[in-house]
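Below is one structure, written out as structure tokens; comments come after it.
The values are calculated or read from the model by the stated rules, or taken from the named source; none is laboratory data. Just so it is clear, the model here is predicted, and its values are computed rather than measured. When we count neighbours, we look across all protein chains shown, and the Cβ atoms used for this are built from the backbone with ideal geometry, even at glycine. In case anyone asks, the SASA skips ligands and DNA or RNA and just uses the protein heavy atoms, side chains included. Shrake-Rupley method; radii C 1.70, N 1.55, O 1.52, S 1.80 Å.
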Amino acid sequence: MRAIVTLLVVALVAGCASTPGGKIIKPRGPNIAEVLADLPELEVKPVPASKPTREDVMAAYSRVHGRLVEPEANHAIGKRLADLEMAVGEDLDIEGAPQPYDRAIARYEELLDAPEGVPLDQILYQLARAYDISARADDSLNMLNRLLTEYPESTYVPEARFRRAEMHFSAGRFQRAAQDYQFVVALEDETPYFKNARYMLGWSEFKQSNLEEGLTAFFAVVDDVLSTDEQPLPQTEQQLLDDSFRAVVLALQYLDGPATLADRMRALERPDWQMLAYEKLAADYYEKERYLDTVKTWQTFVEDNALHPKAPLAQERIVKTLIEADFPSEVLARKQEFVERFGIYSEFYEEHEDETRAEYTETLHAYLTDLARHFHGEAQALQEDEKPATDAYLTAAKWYEEFIQTYPQDEAVAERLFLLGEVYTEADESMRAVAAYQRVVRQHLDYPKANEAGYAAILGLQKALAEAPESEVEIVRHLEVDAQIEFALLFGDDPRAPAVQAAAAQSLFEMARFEEAVDVAENLLAVFADADPAIIRSTLLVVGHGRFELADFAAAEQAYQRLLASSLEEAQRSAVEERLLAAVYKQGELAEQEADVDGAVHHFMRIAALDATSELAVKGHFDAIAVVETSNDPVRAAALLESLRERYPEHELSSDAGLRLANIYEETGEWSLAARELSQLAETEVDPEMRRQS
């Protein structure tokens, strides 16, 4: 053991024999050898392989302490003993021993009477710490004050200021605490007490009712904690963050709440974590059932951060809060505000990409649906009460339109288009209604009500036609016909298809689009052969008249013949018969123009077979004679003249038949027949000169 002590003392003295400036301290009094000679003899035993225990070391230091002639060396040994006593005290404290630090305190107190020039900052620091642990706050504070006064450049100053601030805070001396905390905060990352000091600085300011200054400190803590990329946060950091936010929320509620928060966030250039601050404030209001303040908090965020990616979420929370707090009258307006702020026509929507939009698209979808349904229902209720409903219908149309524009591929678009057509119809916006219905037909043919949309489009066009100014009538009528044809072609199974197609054919005819009219009409006859007889009759009439206008008189005749074979009213039958005779006569004219004598005669003469009493039958017979005469066939001409005179003896076209026959017979050398005709003329002719010549 003596060997161990000797080694320790030699090492200690070797380390303390010179001053910091390098001057050698000359020994005074007995030297080391003399001291050792006075120690009792000890039995020398082998040195154990293990290191000496703390107790061994303390015993060795204790035997040497105070016996060295160099004061600095004795002081150094005493400091080491005090530090070891402090460590022992910590162990005793853990074990629950009473007054565990008294021996350490006594040691440190002895060291305060140090040789001149020996720094005491570490002694003062340790003694302050020991006093503090021993609940001797005043003594601890005195040591800290002395340390800070006598050693302002000591490395212990940051911690000493922090410890003193803690004592001031605990004692309610908040202004002094704030000064010390501020000193530590100014050092920033140079001291590990920086974050805690800033946090406590906030509380110190709060305790003095300096809420604005306190907020500055707490927001600085929040910014520092959240500036790290470490996720999740360490438990201590998370606790610091949570406590700071609790303080922030408390202060804001004593100030102007969300307005103060917005001012602070602007001053901090709207940090990335600002929404979390609003969230904490709103959550606290909500927990206290201050629902309108909750709404105001989120509203402030939205208004102050209109283009922030999380602004839609904030607006959605406004709506949810109002619903949960049972403020139904406010909900609709907030949903409308949401759509106007973040919908497809908003600056926000244009500013952000699909990734951001995707975060609130479900909400936007739901709100657009709610708005359209609400105003549609409101309009219907007004209409039932016989109150003006046009504005409500148009408002519903606005939201239907925006839904369709926003979600063009959504499975609900077909229904929305159909409803859009309905509200425009009720609002007397016929052409807009037509456009909506026709989009259903052309883009969503598999929609169950597509046929209804097609028919509604036709009705809308009919209404628009009745209201259209003269300059637009032709355009609207064309659109109506196209819609009718489209309906008949696409929805052939619909019982209304034949009537619609028939109407289209009739309209085309009235518009002088004869070829199209005939095509549509003949298609109807082919596809809907079993249609209502009245529809068949009107269609045949279009075919007949259309073919007639197209100079296809044979086809016109066939259509008229089919018509006459059906059940017709007397007046209609008479008109059709006249058209039939005209069609046959026109066939004769065409044959004549083509120099088809036999064909012309055939058609002219068969008119009488259809109606021998008609004026056209007489004219046809007369024209047949002219055709034959022109072809230099006097014999046939004579026969036809004989027939004309026989059938229509009193008709004016037969009045010169005798003279014409006499001339033909003279030409062909049939003198007796010519004489007969002249003899009759001599007896019956009214004109005296003609009688004399005959």
Q | Residues of region 129-138 satisfying the condition of being open to solvent by 30 Å² or more (accessible area, probe 1.4 Å), in contact (Cβ under 8 Å) with a residue 12 or more places away in the chain and not in a loop (DSSP other than H, G, I, E, B) | A | 129, 132, 133, 137
Q) Can you pull out the residues in region 484-499 that are of a type in the set (Gly, Ala, Ser), part of a helix (DSSP H, G or I) and under 30 Å from residue 410 (Cα atoms)? A) 488, 497
**Q.** region 162-176 residues that are over 13 Å from residue 132 (Cβ atoms) and touching a residue at least 60 places away in the same chain (Cβ under 8 Å), paired with ones that are β-branched (Val, Ile, Thr) and part of a helix (DSSP H, G or I) (beta carbon under 9 Å, 6 or more apart)
**A.** none
**Q.** Residue in region 90-97 that is modelled with pLDDT under 85 and out of contact with any Lys or Arg (no Cβ under 7 Å at 6 or more places or on another chain) present
**A.** no
Q) For region 237-259, how many residues meet the condition of being under 35 Å from the mean Cα position of the chain (by Cα), free of Cβ contacts under 8 Å to residues at least 40 places away in the same chain and surrounded by 15 or more Cβ atoms within 10 Å (Cβ to Cβ)? A) 6
Q) From the set of residues in region 279-314 that are in a helix (DSSP H, G or I) and of a type in the set (D, E, K, R), which is most open to solvent (accessible area, probe 1.4 Å)? A) 287
Q. When you look at residue 457, is it assigned to a helix (DSSP H, G or I), within 30 Å of residue 529 (Cα to Cα), in contact with a Gly (Cβ under 8 Å, 6 or more places away or on another chain) and open to solvent by less than 60 Å² (accessible area, probe 1.4 Å), yes or no?
A. yes
Q. Can we say residue 525 is open to solvent by 60 Å² or more (accessible area, probe 1.4 Å) and either more than 41 Å from the chain's Cα centre (by Cα) or touching a residue at least 40 places away in the same chain (Cβ under 8 Å) (or both)?
A. no
(Q) I need every pair where a residue in region 284-311 that is touching a residue at least 60 places away in the same chain (Cβ under 8 Å) has its Cβ under 6 Å from the Cβ of a residue that is surrounded by fewer than 18 Cβ atoms within 10 Å (Cβ to Cβ) and not basic (Lys, Arg), sequence separation at least 6 or different chains. (A) none
Q.
Just the residues that are outside any loop (DSSP other than H, G, I, E, B), touching a residue at least 24 places away in the same chain (Cβ under 8 Å) and open to solvent by 10 Å² or more (accessible area, probe 1.4 Å), please, taken from region 399-413.
A. 402, 405, 406
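Residues are listed down the side, and each one gets a yes or a no for (1) among the hydrophobic types (A, V, I, L, M, F, W, C); (2) open to solvent by less than 30 Å² (accessible area, probe 1.4 Å); (3) under 27 Å from residue 574 (Cβ atoms); (4) part of a helix (DSSP H, G or I):
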residue: 473; (1), (2), (3), (4): yes, no, no, yes
residue: 482; (1), (2), (3), (4): no, no, no, yes
residue: 519; (1), (2), (3), (4): no, no, no, yes
residue: 534; (1), (2), (3), (4): yes, no, yes, yes
residue: 547; (1), (2), (3), (4): no, no, yes, yes
Q: Taking residue 116 as meeting all but one of (1) open to solvent by less than 40 Å² (accessible area, probe 1.4 Å); (2) in a loop (DSSP other than H, G, I, E, B), write down the number of the exception.
A: (1)
